[in-house]
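These notes are about the structure you will find just below.
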Amino acid sequence: MDLLHSLPTLGAILGTFLLAGLVKGVIGLGLPTIAMGLLGTLMPPAEAAALLVLPSLVTNFWQFMGGPALPPLLRRLGPMLAAVALGTLAGVWAGLLPGRGGATVGLGAALLAYAAFGLLPLRLPAVPPRAEPWAGPLIGLLTGLVTAATGVFVLPAVPYLHALGLERDRLVQALGLSFTVSTLALAAGLATGGGFGGNALGGSVLALMPALAGMALGGWLRGRVAATTFRRCFFGGLLLLGAHLVWQGVGA
């Protein structure tokens, strides 16, 4: 993957990460979803996932380290996070993210499901504390497998974390923590399979700068744009993008 061979492709990649970082800066998530969705129209999902590693890792580390004290949250979410890592590694090693076609359909389907969750009044029932010891690992394992198959970290972890009833700062921190574990596991899986070599690492470093710039801009915009309006536009765009990727994958 030599990004410098095609300046239009390079420009599209940098613009994608600028947009994805902006979205994350405004609403606290969306960088992998936007990046994988748009890059999935330019390259195989496995290559897009490799580009995503450093921008996702750095922005999510920034997100969870800026929240309240970590130890109580780590104790509560530890089993889920361990299962996320296990499921992601198992899925990558099993070859769930092989290239175009089926992987593109899977990514499109994940985006459609996530958009539907955001646009419709759908919420999981509150998870009682007694259910967390088994529900957390189950959700983590499923999230890891979806991550391995699509490069998107949000399902079903995001709805589950919402259902835990965490207050806003804790929720944003929990999302950043979950996404960080997913990113590290995805990077480890890709590296052991040869999918995160020198070219991919260089591209990921290049993508980091626009992602950070977009996140800073998004933080500035957060207090100036109505959150509900932005979320509707965001999820509406994901709905169209997911439909396009499913159509593209079916025709591949």
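The values are calculated or read from the model by the stated rules, or taken from the named source; none is laboratory data. Just so we're clear, the structure is a prediction, and the values are computed from it rather than from any experiment. As a convention, Cβ positions derive from the backbone with ideal geometry for all residues, glycine included, and neighbour counts pool all protein chains shown.
With at pLDDT below 80, surrounded by 14 or more Cβ atoms within 10 Å (Cβ to Cβ) and assigned to a helix (DSSP H, G or I) as the only criterion, which of ALA174, ALA185, ALA213, ALA191 stands out?
Numbers: ALA174 fails: at pLDDT below 80; ALA185 fails: at pLDDT below 80; ALA213 fails: at pLDDT below 80.
Unique residue meeting the criteria: ALA191.
Does PHE230 meet the test of being among the aromatic types (Phe, Trp, Tyr) and closer than 22 Å to LEU51 by Cβ? Working first, answer last.
Numbers: among the aromatic types (Phe, Trp, Tyr): yes; closer than 22 Å to LEU51 by Cβ: no.
No; evaluated as a whole, the condition is false for this residue.
Determine whether VAL146 is at pLDDT 80 or above, under 27 Å from LEU42 (Cα atoms) and more than 15 Å from the chain's Cα centre (by Cα). First the steps, then the outcome.
Values: at pLDDT 80 or above: yes; under 27 Å from LEU42 (Cα atoms): yes; more than 15 Å from the chain's Cα centre (by Cα): no.
In short, no.
Of the residues VAL205, VAL152, VAL225, which is touching a helix residue (DSSP H, G or I) at 6+ places or on another chain (Cβ under 9 Å) and modelled with pLDDT of 85 or more? Explain how you work it out, then say what you get.
Details: VAL152 fails: modelled with pLDDT of 85 or more; VAL225 fails: modelled with pLDDT of 85 or more.
Of the residues listed, the single one that is touching a helix residue (DSSP H, G or I) at 6+ places or on another chain (Cβ under 9 Å) and modelled with pLDDT of 85 or more is VAL205.
Any idea how many residues of segment 155-169 are modelled with pLDDT under 85 and more than 20 Å from LEU238 (Cα to Cα)? Of the residues in segment 155-169, 3 are modelled with pLDDT under 85 and more than 20 Å from LEU238 (Cα to Cα). Residues in segment 23-48 that are aliphatic (A, V, I, L, M), crowded, with 24+ Cβ neighbours inside 10 Å and farther than 18 Å from VAL158 by Cβ: LEU39, ALA48. Is one or more of the residues making up segment 85-106 surrounded by fewer than 24 Cβ atoms within 10 Å (Cβ to Cβ), over 24 Å from HIS244 (Cα atoms) and free of Cβ contacts under 8 Å to residues at least 40 places away in the same chain? Checking segment 85-106: not a single residue is surrounded by fewer than 24 Cβ atoms within 10 Å (Cβ to Cβ), over 24 Å from HIS244 (Cα atoms) and free of Cβ contacts under 8 Å to residues at least 40 places away in the same chain.
Considering only segment 115-132, I want to know if a residue exists there that is touching a Leu at 6+ places or on another chain (Cβ under 6 Å) and within 27 Å of LEU57 (Cβ to Cβ). Explain how you work it out, then say what you get.
Taking segment 115-132 and keeping what is touching a Leu at 6+ places or on another chain (Cβ under 6 Å), we get 115, 127.
Applying the additional criterion that residues be within 27 Å of LEU57 (Cβ to Cβ) yields 115.
Scanning segment 115-132 turns up at least one residue that is touching a Leu at 6+ places or on another chain (Cβ under 6 Å) and within 27 Å of LEU57 (Cβ to Cβ).
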